[in-house]
Amino acid sequence: MAYANKNTSFEADGAMNLNARTLFYFNAGGVTPAMAVTTAGAGSDYALAYLDANKKPFDGGKTYKLHLPPNVPVNNFWAVTLYDTQTRSQLQTSQQFPTVGSLTEGMKKNQDGSYDVFFGPKAPDGKTGNWLATMPGKSWFMILRMYGPLEPWINKSWRPSEIEQVK
């Protein structure tokens, strides 16, 4: 999972990182310091995933799982949203909104306080509240948004799992 760039100029050592700049502008359409600078407990911070744990693009016909360890380090809330790789728009599926998170009605924590979020054409049994629909034949990417990110997120001592194919 890639973390958002913290440098709004995309420059380091006198050189422009064109790959980072292109990726940021493709997803966000623009950049402001508020989007690229993280302040503990305030604002938001983002992680993007285009590839699964095996470095393969996400396939809308397969099922995947993202594991968020206990004590998600946010002051406010977290959310996962799916996007269409062709349009950058939210993925259009049978669900009204392709987003789930800590404020989602029906989102279930695991017994240890962690969360599992599933992505696939069908919800795994008993996991509908923790599931985002995908479409066979359609690729997608996801953004994990952390609202009011705390130090364990910022210093990366708390990390979500890679997104693993489960079916």
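For the condition out of contact with any Lys or Arg (no Cβ under 7 Å at 6 or more places or on another chain) and in contact (Cβ under 8 Å) with a residue 60 or more places away in the chain, what is the one hit in Leu103, Leu68? Of the residues listed, the single one that is out of contact with any Lys or Arg (no Cβ under 7 Å at 6 or more places or on another chain) and in contact (Cβ under 8 Å) with a residue 60 or more places away in the chain is Leu68. Scanning segment 109-122 for residues that are assigned to a strand (DSSP E or B) and surrounded by fewer than 16 Cβ atoms within 10 Å (Cβ to Cβ) turns up just one, Lys109. Screening segment 12-50 for residues that are part of a strand (DSSP E or B) and farther than 20 Å from Met146 by Cβ and picking the one that is modelled with the highest pLDDT gives Ala15.
Restricting to segment 140-167, name every residue that is crowded, with 16+ Cβ neighbours inside 10 Å and either more than 18 Å from Val117 (Cβ to Cβ) or of a type in the set (Ser, Thr, Tyr) (or both). Tyr147, Gly148, Leu150, Pro152, Ile154, listed by residue number. Residue selection: Val80 fails the criterion of being in contact (Cβ under 8 Å) with a residue 40 or more places away in the chain, outside any strand (DSSP E or B), in contact with a Phe, Trp or Tyr (Cβ under 9 Å, 6 or more places away or on another chain) and of a type in the set (Val, Ile, Thr). Among the residues of segment 135-149, are any closer than 13 Å to Lys65 by Cβ and in a loop (DSSP other than H, G, I, E, B)? Checking segment 135-149: not a single residue is closer than 13 Å to Lys65 by Cβ and in a loop (DSSP other than H, G, I, E, B).
Among residues that are assigned to a loop (DSSP other than H, G, I, E, B) and either more than 13 Å from the chain's Cα centre (by Cα) or under 17 Å from Val74 (Cα atoms) (or both), Asp125 is included. Is it the case that some residue within segment 60-75 is assigned to a helix (DSSP H, G or I) and over 13 Å from the mean Cα position of the chain (by Cα)? Within segment 60-75 (the criterion being assigned to a helix (DSSP H, G or I) and over 13 Å from the mean Cα position of the chain (by Cα)), the answer is no, since none of the residues qualifies. Candidates Asn130, Asn71: the one that is within 30 Å of Ala42 (Cβ to Cβ), in the same structural domain as Asp45 (by TED's automatic domain parsing) and loosely packed, with under 15 Cβ neighbours inside 10 Å is Asn71.
The values are calculated or read from the model by the stated rules, or taken from the named source; none is laboratory data. It should be emphasised that the depicted structure is a prediction, and the values quoted were computed from it without experimental measurement. Ideal geometry is used to build each Cβ from the backbone, glycine not excepted, and the neighbour counts take in all protein chains shown.
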